[in-house]
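The values are calculated or read from the model by the stated rules, or taken from the named source; none is laboratory data. Note that this is a predicted model, so its numbers are computed, not measured. Here Cβ is always computed from backbone atoms with ideal geometry, including for glycine, and neighbour counts include all displayed protein chains.
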Amino acid sequence: MLNIKRIEDIKLKGNQLLVTMNKYEKDFKTKSGLVVYLKGMMKYYQKVVAVGPVIQRLGEINVGDTVIFNSNAFAKIAHSWEEEEMKQQNKDLGNDKVTNVNAVKDKMSMIYMFDEIVIGGETYALMYDSDIKCVILNPEEYEYAPD
């Protein structure tokens, strides 16, 4: 792994940008208590810490902006296979016996794969301007839905 000490030590190309990888510290819930985002999930909005020369010239996204990125571009389906033993009735002609049947269970989940860069011990995501949905000009952040 590369040891990059400062953000200034990386030179982005073209329309690349570097964003934080902040995560939810608690479960994000609605007023009714429904968990929308689990603790540890990456937030769908991040701060821009560096931009490439094309983005800088366009001036649409600047360092320090809060952006909402297209998480679907980084989503991958992960499979976790586990084998479980199930009891099932086997009723043959004149034969009432219980047999063990092994079944395979697929626990599918969604994971997000980013090009990650560690700078000064912090992890950042490398993206392109096409991965950004919009810039939020005056963000107000809260962890839980207001009462």
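Points worth noting:
- Selection from region 1-45 of residues that are within 14 Å of the chain's Cα centre (by Cα) and at pLDDT 95 or above: V19, T20
- Remark: pairs (first residue in region 104-117, of a type in the set (S, T, Y); second residue modelled with pLDDT of 80 or more; Cβ separation under 7 Å; 6+ apart in sequence or on different chains) = S109/A78; Y112/M42; Y112/S71; Y112/F74; Y112/A75.
- Of all residues in region 108-144 being part of a loop (DSSP other than H, G, I, E, B) and out of contact with any strand residue (DSSP E or B) (no Cβ under 7 Å at 6 or more places or on another chain), the one that is surrounded by the most Cβ atoms within 10 Å (Cβ to Cβ): G120
- Selection count, region 35-45, where residues are free of Cβ contacts under 8 Å to residues at least 24 places away in the same chain and not in a loop (DSSP other than H, G, I, E, B): 3
- Cβ separations smaller than 8 Å between residues 6+ apart or across chains give the following pairs from region 1-21 residues that are more than 15 Å from T123 (Cα to Cα) to residues that are surrounded by fewer than 14 Cβ atoms within 10 Å (Cβ to Cβ) and modelled with pLDDT of 90 or more: L12/P53; K13/P53; G14/P53; N15/S130.
- Residue in region 84-103 that is farther than 21 Å from V35 by Cα, surrounded by 10 or more Cβ atoms within 10 Å (Cβ to Cβ), in contact with a Ser or Thr (Cβ under 6 Å, 6 or more places away or on another chain) and at pLDDT below 85 present: yes
- Count of region 25-34 residues which are touching a residue at least 24 places away in the same chain (Cβ under 8 Å) and surrounded by fewer than 16 Cβ atoms within 10 Å (Cβ to Cβ): 5
- Being surrounded by fewer than 18 Cβ atoms within 10 Å (Cβ to Cβ), modelled with pLDDT of 95 or more and touching a helix residue (DSSP H, G or I) at 6+ places or on another chain (Cβ under 8 Å) is a description that does not apply to V63.
Yes/no matrix, rows are residues, columns are (1) farther than 15 Å from E141 by Cα; (2) of a type in the set (F, W, Y); (3) touching a helix residue (DSSP H, G or I) at 6+ places or on another chain (Cβ under 7 Å); (4) not in a strand (DSSP E or B):
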position: K13; (1), (2), (3), (4): yes, no, no, yes
position: G33; (1), (2), (3), (4): yes, no, no, yes
position: K47; (1), (2), (3), (4): no, no, no, no
position: I55; (1), (2), (3), (4): yes, no, yes, yes
position: I68; (1), (2), (3), (4): no, no, no, no
